Amino acid sequence: MPSSPRALPRGPLVSLAAGIFLAASPASEAEVTWGGSAALTTDYLLRGVSQTDGSPAVQAELHVQTRTGWLGGLWASNVEVNPEDGRTAELNAFFGYSHPIAGDWSMKLVAVHYAYPGNSPADYYNYDELIAGAAYRDVFFVTATVSPNTPHEYAPGLARDHTALSYELALRYPLLGTWSALGGIGYYDLKAPDSGGYAYWSAGVGYDFEPWHLEIAWFGTGREAAALFDEDRPTNRLAATLIWRF
């Protein structure tokens, strides 16, 4: 399989690492806070690239957060990252720390392990990431991600791990009532001899009707993405996502 860009388990802002600030409940007076979500999306798009070959996905997330800022959890989705394997699953485990900083800013540092139990061999798929980010009032987000072992297949039966980097800016701006404008830009860079980087972006709207959240957004990538992924994999498309939080 070609290399595939990933991000931390998300809430809103699908395919943007800014979702690390929305995946866990805000800190409360309780020593430990539990929460989670379930989602249905018309296309699981991640950094502008479909992870389901343009098909719908069902996703779920469960997390715990302590009053001191430690957090951890699990996230799952169906995927189709290799046509030969068909529809399989992506399972993520994440652990990290969040803390307020100056003024209305907050920060998070999160480690994530990605596993694909239905795909074989596992060395072609499983990998890890470290994500660092800052948020301003849950409106503006900036994140940087590094993976030390992203697999990249050069030829059938020949794959090696490489460093991958990504950088993202995202915005969730309140509009009238519970509507909001969503948008983001990012850049993904695979440090492999025959590879490179590409830009990606998204723009759309969100609507909150607690405990539900609806998003409709357009996702796109630069032309360079075709060098990293299957040519027939959709890289510019509209997607809708419905999320239930508990």
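Below, the figures for the structure above:
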item: Residue identified as more than 23 Å from residue 145 (Cα to Cα), hydrophobic (A, V, I, L, M, F, W, C) and out of contact with any strand residue (DSSP E or B) (no Cβ under 6 Å at 6 or more places or on another chain) among 176, 242, 228, 214; result: 176
item: Within the range 61-81, considering residues that are in a loop (DSSP other than H, G, I, E, B) and either over 19 Å from the mean Cα position of the chain (by Cα) or aromatic (Phe, Trp, Tyr) (or both), the one farthest from residue 40 (Cα to Cα); result: 68
item: Filtered residue count, the range 4-40, keeping only those that are at pLDDT 90 or above and buried (at least 21 other Cβ atoms within 10 Å of the Cβ); result: 2
item: Candidate set from the range 90-142 (those that are over 17 Å from the mean Cα position of the chain (by Cα) and among the polar types (S, T, N, Q)); member that is nearest to residue 181 (Cα to Cα); result: 106
item: Residue within the range 133-141 that is under 16 Å from residue 187 (Cα atoms) and part of a strand (DSSP E or B) present; result: yes
item: Of the criteria (1) assigned to a strand (DSSP E or B); (2) at pLDDT below 95; (3) of a type in the set (A, V, I, L, M, F, W, C), which one residue 58 fails; result: (2)
item: Residue in the range 116-124 that is in a strand (DSSP E or B), buried (at least 16 other Cβ atoms within 10 Å of the Cβ) and of a type outside the set (A, V, I, L, M) present; result: no
item: Test result for residue 189, in a loop (DSSP other than H, G, I, E, B) and in contact (Cβ under 8 Å) with a residue 24 or more places away in the chain; result: no
item: Filter pass, residue 75 being modelled with pLDDT of 90 or more, surrounded by fewer than 22 Cβ atoms within 10 Å (Cβ to Cβ), out of contact with any helix residue (DSSP H, G or I) (no Cβ under 9 Å at 6 or more places or on another chain) and not acidic (Asp, Glu); result: no
item: Some residue of the range 216-235 being part of a helix (DSSP H, G or I), of a type outside the set (Gly, Ala, Ser) and over 21 Å from residue 80 (Cα atoms); result: yes
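One line per residue, one yes/no per condition, for (1) surrounded by fewer than 16 Cβ atoms within 10 Å (Cβ to Cβ); (2) under 20 Å from residue 51 (Cβ atoms); (3) free of Cβ contacts under 8 Å to residues at least 60 places away in the same chain; (4) more than 17 Å from the chain's Cα centre (by Cα):
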site: 150; (1), (2), (3), (4): no, yes, no, no
site: 176; (1), (2), (3), (4): yes, no, yes, yes
site: 179; (1), (2), (3), (4): yes, no, yes, yes
site: 197; (1), (2), (3), (4): no, yes, yes, yes
site: 211; (1), (2), (3), (4): yes, no, yes, yes
site: 219; (1), (2), (3), (4): no, yes, no, no
site: 228; (1), (2), (3), (4): no, yes, no, yes
site: 237; (1), (2), (3), (4): yes, yes, no, no
site: 240; (1), (2), (3), (4): yes, yes, no, no
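The values are calculated or read from the model by the stated rules, or taken from the named source; none is laboratory data. Since we're looking at a predicted model, the values are computed, not measured. Every residue, glycine as well, gets a Cβ built from its backbone with ideal geometry; the counts of neighbours run over all protein chains shown.
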